[in-house]
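The values are calculated or read from the model by the stated rules, or taken from the named source; none is laboratory data. Computed from a prediction, not measured in an experiment: that's the story for all the values here. Reconstructed Cβ throughout: ideal geometry from the backbone, glycine too, with neighbour counts over all protein chains shown. What goes into the accessible areas is simple: the full protein's heavy atoms, side chains included, and nothing from ligands, DNA or RNA. Shrake-Rupley method; radii C 1.70, N 1.55, O 1.52, S 1.80 Å.
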Amino acid sequence: MIVEFVGPAGSGKTTIAHALCHHLRAHGHPASVILTYQPGGYQSMLDPGGIIPAIHRVARAIAGPISMACRPVANAADFRVCARLVNTLPPRNLIWRIRLAQYVLRLARAWRQSIGCQEIVIFDQAFVQVVSTLALLSGCANEKSLADALDIVPTADIVVRINACEGLRIERLNDRQRRQSFAERLFEAKLEANLRSAQTVDQVCGLLRARGRSIVDVDTSRRLSPTLALEDIEDHIFEAL
């Protein structure tokens, strides 16, 4: 089973995805989080600027597509998904276009390899999130282009939408920035863009619901036990099995 998370920046997607993984494993269900990245987690007195992990991220972004290009037949479907999706919602900024293209390419391969896997595979940022991000950065997305983009991407078994009030998201994003190294901040979108991401997520999720897709909603603003949210997601997972 493939579970993917979607939500605006600072809503808690990565935190909840990892918590869900631990929760499922604790109940005896094999699970893993794929292609995840936790910002602000690198701390080193020898490298306070975070140059080493920044170089590693750039090298991985370059090496992944190159290694896939060395096997063009085996990875042809992944290249087609990447090209069609990025061309449907092209970011205005060339750097972001390159960054997202390489991520979509690696995501497509990881997704394909996860199909039929004998465990619950969790993506904290997968295709629905990518469509939302591309819509935000393209600046010209409309209902038709979003619908076309959703037609291109594969469908997860479960979509979990994570949300939080704007005040809490601002607090989390500011805290994340304080914990990040200088080099890490270079890879981040501006606060204004991160806050506007809530609108594109609303729009994309609205289109999914109009197509009859079921979405599990989790609001991390509510002061409820996180275990209750995890159990709710777990119930939906096993209903779909």
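Here is a yes/no grid of residues against (1) within 21 Å of K190 (Cβ to Cβ); (2) free of Cβ contacts under 8 Å to residues at least 12 places away in the same chain:
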| residue | (1), (2) |
| --- | --- |
| V73 | no, yes |
| C82 | no, no |
| L85 | no, no |
| P91 | yes, no |
| G116 | no, yes |
| V121 | no, no |
| S132 | yes, no |
| A141 | yes, no |
Here are some conditions: (1) modelled with pLDDT of 90 or more; (2) out of contact with any helix residue (DSSP H, G or I) (no Cβ under 6 Å at 6 or more places or on another chain). R176 meets all but one. Which one does it not meet? (1)
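With part of a helix (DSSP H, G or I), touching a Leu at 6+ places or on another chain (Cβ under 8 Å) and either open to solvent by 20 Å² or more (accessible area, probe 1.4 Å) or at pLDDT below 85 (or both) as the only criterion, which of A54, A59 stands out?
Values: A59 fails: touching a Leu at 6+ places or on another chain (Cβ under 8 Å).
Answer to the check: A54.
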Flagged in region 121-149 as in a helix (DSSP H, G or I), of a type in the set (S, T, N, Q), more than 16 Å from E4 (Cβ to Cβ) and open to solvent by 10 Å² or more (accessible area, probe 1.4 Å), in numbering order, are S145
When you scan region 196-211, how many residues do you find that are open to solvent by 30 Å² or more (accessible area, probe 1.4 Å) and within 20 Å of R99 (Cβ to Cβ)? 1
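Quick check on my filter: what residues within region 63-77 are of a type in the set (A, V, I, L, M) and closer than 11 Å to R106 by Cβ? Please lay out each step first, then the result.
Within region 63-77, the first condition is being of a type in the set (A, V, I, L, M), and the residues that meet it are 63, 66, 68-69, 73-74, 76-77.
Hits for region 63-77 are A63, M68.
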Considering each of L195, L173, L137, L150 in turn, give the residue that is in contact (Cβ under 8 Å) with a residue 60 or more places away in the chain, closer than 20 Å to N87 by Cα and among the aliphatic types (A, V, I, L, M). L150
Please work out which one of (1) modelled with pLDDT of 85 or more; (2) surrounded by fewer than 14 Cβ atoms within 10 Å (Cβ to Cβ) is the condition K190 fails and give its number. (1)
